[in-house]
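The values are calculated or read from the model by the stated rules, or taken from the named source; none is laboratory data. Bear in mind the structure is a predicted one, so any value in this text is a computation, not a measurement. We place every Cβ from the backbone using ideal geometry, glycine too, and count neighbours over all the protein chains shown.
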Amino acid sequence: MNNYMKTVKFHLVVTATAAVLLSSACNTGQSTHTEQNDSTAAGMQPPKKEPISQPLVSDIYTADPSAHVFNDRIYIYPSHDTATGTPENDNGDHFNMMDYHILSMDSVGGKVTDHGVALHIKDIPWAGRQLWAPDAAFANNTYYLYFPVKDKQDVFRIGVATSSKPEGPFVAEKEPIKGSYSIDPAVFKDDDGSFYMYFGGIWGGQLQRWNNNRYDSAGKLRQPGEEAILPRVAKLSKDMKHFDGPVKEIKIVDKDGRLFTEKDNDKRFFEASWMHKHNGKYYFSYSTGDTHYIVYATGDNPYGPFTYQGVILNPVEGWTNHQSIAEVNGKTFLFYHDVQLSGKTHLRNVKVTELHYNEDGTIQPVTAYK
Ligand code: FUB
């Protein structure tokens with residue numbers, strides 16, 4: 001299957017609710033007609049699958065939700081998907097996002113506020129195209145927005161922008177973070193106050209072009225029998241705008257301590273890093289990309305190694321799968337997206353559902369449809 005090219009992978013029926021929401025709310029000019037409907041032969045309708053959660057907003061398309069609690073309010077830092085008409089290709093060019101909108105709500109299930117444009121690509125001096133999945137952090141009395149975007153040479157770098165308010169507007173630094181590359185920054189604050197950035201994404205995210213932190217425009221994806229490409233981590237400096245030390249690879253291993261190979265593509269790293277802590281353990285979660293799972297691995301320190309534990313979120317409708325995990329008033333929530341509103345893989349909508357742990361600290365997998 002090509003990278004990001006499959007419009008809709010599953011034969012899930014988009015609910016009537018979604019179609020109504022779309023036609024009344026999403027003023028994008030996109031049709032509600034989906035490939036699922038095309039591929040469903042008359043008389044062979046699969047059973048209707050009801051989503052367990054509804055989109056948090058339906059007047060814009062949003063994806064890749066990074067959730068944090070700031071000042072007792074839930075803030076979500078998503079990608080803002082738009083129908084720009086960019087043709088689909090293997091590099092994900094059709095994910096051609098131009099700005100960020102921050103969402104917030106006082107509780108899960110409460111009214112969601114869209115705070116409007118927080119940062120636009122035209123205000124990032126070094127940016128070329130494609131604002132992908134962001135994250136945010138608070139330190140030094142400042143809110144920091146971290147974002148991946150291709151530079152003017154078409155190489156993904158990670159930038160930082162600042163604001164005095166969690167919802168922005170944010171002002172971008174003049175250069176990307178020195179030594180940064182690839183996509184999907186996730187910034188984690190440890191109990192001692194240190195911040196770490198986890199990042200990387202293969203295929204369209206270009207991580208295969210980086211070996212030993214050096215760029216090779218001809219860098220190739222691994223062969224099935226080769227060790228899988230690993231995600232990256234870097235400690236952040238006190239000013240939150242630099243890496244404090246070299247970027248390191250994160251080892252994800254099986255129960256026998258073995259690294260995964262490329263053919264273990266239902267377990268190996270693809271994109272969508274996230275780190276959270278539970279009962280003193282570090283939980284590193286990520287998307288397996290072409291097999292569409294959100295999975296997790298646990299470890300004893302922020303650098304790993306992390307031992308693979310299992311699935312957090314089964315494949316959702318659409319090609320991409322991307323999560324964040326946040327604790328709100330003693331409960332743990334999984335923020336994710338699917339394509340309920342559009343049926344198109346690059347026009348997604350963010351959602352949230354509760355996540356539950358077993359007594360041994362393992363996570364109960366979520367299936368987003370019932
Ligand atoms: O939103 C663009 C890209 O799609 C993200 O950076 C990936 O994680 C995937 O969700």
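Structure values in brief
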item: Tally, over region 294-313, of residues that are touching a Gly at 6+ places or on another chain (Cβ under 8 Å) and among the hydroxyl-bearing types (S, T, Y); result: 3
item: Number of positions in region 54-92 that are part of a strand (DSSP E or B), of a type outside the set (D, E, K, R) and surrounded by fewer than 17 Cβ atoms within 10 Å (Cβ to Cβ); result: 2
item: Pairs where the first residue, in region 176-187, is of a type in the set (V, I, T) and the second is part of a loop (DSSP other than H, G, I, E, B), C-beta under 6 Å, 6+ apart; result: I183/W132; I183/G201
item: Residues satisfying the stated conditions in region 130-166, i.e. of a type in the set (D, E, K, R), out of contact with any Lys or Arg (no Cβ under 6 Å at 6 or more places or on another chain) and either modelled with pLDDT under 95 or within 16 Å of the ligand (Cβ to nearest atom) (or both); result: D135, D154, R157
item: Residues that are assigned to a loop (DSSP other than H, G, I, E, B), touching a Gly at 6+ places or on another chain (Cβ under 8 Å) and crowded, with 16+ Cβ neighbours inside 10 Å, drawn from region 254-288; result: E262, N265, F269, F270
item: Meets criteria (touching a His at 6+ places or on another chain (Cβ under 9 Å), at pLDDT 95 or above, away from the ligand (no atom under 15 Å from the Cβ) and not polar (S, T, N, Q)) for A297; result: no
item: Residues that are away from the ligand (no atom under 14 Å from the Cβ), in contact (Cβ under 8 Å) with a residue 60 or more places away in the chain and within 19 Å of P134 (Cβ to Cβ), drawn from region 326-370; result: A326, F333, V352
item: Counted residues, region 71-90 - those being within 14 Å of the ligand (Cβ to nearest atom), of a type in the set (D, E) and out of contact with any strand residue (DSSP E or B) (no Cβ under 7 Å at 6 or more places or on another chain); result: 2
item: Single condition P51 does not satisfy, out of (1) buried (at least 17 other Cβ atoms within 10 Å of the Cβ); (2) under 21 Å from D184 (Cβ atoms); (3) modelled with pLDDT of 95 or more; (4) not basic (K, R); result: (2)
item: Pair list, Cβ < 7 Å and 6+ apart or interchain, from region 225-240 residues that are closer than 21 Å to N265 by Cα to residues that are assigned to a loop (DSSP other than H, G, I, E, B) and among the acidic types (D, E); result: E226/E262; A228/E262; A228/D264
item: Region 106-124: number of residues that are touching a Gly at 6+ places or on another chain (Cβ under 9 Å), surrounded by fewer than 17 Cβ atoms within 10 Å (Cβ to Cβ) and over 24 Å from E327 (Cβ atoms); result: 2
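Quick grid of which residues meet (1) within 16 Å of the ligand (Cβ to nearest atom); (2) closer than 15 Å to F199 by Cβ; (3) more than 19 Å from the chain's Cα centre (by Cα):
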position	(1), (2), (3)
A234	no, yes, no
S237	no, no, yes
F243	no, yes, yes
P246	no, yes, yes
I252	no, yes, no
R258	no, no, yes
E262	no, no, yes
S273	yes, yes, no
